Amino acid sequence: MALPTKLVLVISADLPAAWAVNAAAVLGLSMGGRLPVPPAPDAKDASGGLHAGLNPHPVPVLSATPEQLRGLYAKARAREDVVTVGFNEVARQARDYDDYLAALAATPGEEIDFVAVAVFGPRNRVTALTKRFPLHPPEAEPRDSASPGEGQRRAEIWPAAGDRRFSTPATGDERPMLTEILRAQRSTLELKCSGLESELARRSVEPSTLSLLGLVRHLADVERRWFRRVLAGQDAPPLFSSATDPDGDFDGAAPDPEAVAAAWEAWRGEVTFAQAFTAGAPDLDVEGHDDWRGTVSLRWVLIHLIEEYARHNGHADLLRERIDGAVGL
């Protein structure tokens, strides 16, 4: 069950690993006593051993520049419904707490730089404040000691065993040919995201907001638009974007397990509907109306979806390689 509140730590991208861990620990200790959430009850393992209850919130740890941290702290502190704790350079350089208090009292607020900020509050509010920040650290280390592509040709099919994506018919009727090619493109998106969890939200390179999770959210809305709204005539507004937030599918892709699960559930639900609609259509000449393209046929929608997935799977190739070096078709 999704919690109505959210806790996020944002740490300076410039901090060495040991200092970043220290900053996260300081924020955790400082924030703990301020949370209005009671500690979870203690639990027992199968051997009867007692384990102290943990805070039930997932705690994404994000990365930002010092300038972004200063802005985040100011915006969060201005919200009465948000609890904010900042770990600043004055504190990091102090010998002890008394030294910190004395140094802080002598430092003008506009000269204080932050190395980390913790934010807790309503889920939508905290997401809005922190959604543009990538996971910390900003650069992921390859999971494998090999360099990206080492020992594997870029053109290899990954993984080869049992891969049916390229068994689509090359002759015969139009409908099975188009639906199977689209199935292969959908499967490629799943493959490029396989084995990843919060890493799905890792952005590409500034200023781009592209991420694998953003692609999943975006393509869920694309499927929903063309099959539910245009062809089936349903009242089905986008799930992750809107007229007032057209980039919400990418901007809202946060490294949160619940957000990842919700994106996959939405995407798979829309794919299932699209497949059922296509299978049940009397022919490919079934039509619907779209505000952008006017009258469109099921044939055109299938071709357009193949085009859409092919383009974004190219993005997925680069995003996945940047995360852990994995390459392949």
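The values are calculated or read from the model by the stated rules, or taken from the named source; none is laboratory data. In this text the structure is predicted, and so the values were computed from the model without any measurement. When we count neighbours, we look across all protein chains shown, and the Cβ atoms used for this are built from the backbone with ideal geometry, even at glycine. What goes into the accessible areas is simple: the full protein's heavy atoms, side chains included, and nothing from ligands, DNA or RNA. Shrake-Rupley method; radii C 1.70, N 1.55, O 1.52, S 1.80 Å.
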field: Flag for Arg311 being surrounded by fewer than 19 Cβ atoms within 10 Å (Cβ to Cβ), in a helix (DSSP H, G or I) and touching an Asp or Glu at 6+ places or on another chain (Cβ under 9 Å)
entry: no
message: I'd like to know if region 192-211 contains one or more residues that are in a helix (DSSP H, G or I), at pLDDT 95 or above and not basic (Lys, Arg).
response: no
- prompt: Given Ala263, Ala253, Ala259, which one is open to solvent by less than 10 Å² (accessible area, probe 1.4 Å), under 25 Å from Pro4 (Cα atoms) and either part of a helix (DSSP H, G or I) or of a type in the set (Asp, Glu) (or both)?
  reply: Ala263
message: I'd like the residue in region 94-136 that is under 15 Å from the mean Cα position of the chain (by Cα) and in a loop (DSSP other than H, G, I, E, B) and, out of all such residues, is modelled with the lowest pLDDT.
response: His136
- prompt: Just one of Ala128, Ala94, Ala52 is surrounded by fewer than 13 Cβ atoms within 10 Å (Cβ to Cβ), free of Cβ contacts under 8 Å to residues at least 24 places away in the same chain and either farther than 19 Å from Leu27 by Cβ or touching a helix residue (DSSP H, G or I) at 6+ places or on another chain (Cβ under 6 Å) (or both); which is it?
  reply: Ala52
message: Against the definition (out of contact with any Asp or Glu (no Cβ under 6 Å at 6 or more places or on another chain) and at pLDDT 95 or above), how does Ala259 come out, yes or no?
response: no
query: Which of the residues spanning region 169-179 are surrounded by 16 or more Cβ atoms within 10 Å (Cβ to Cβ) and either within 32 Å of the chain's Cα centre (by Cα) or without any contact (Cβ under 8 Å) to a residue 12 or more places away in the chain (or both)?
result: Leu178, Thr179
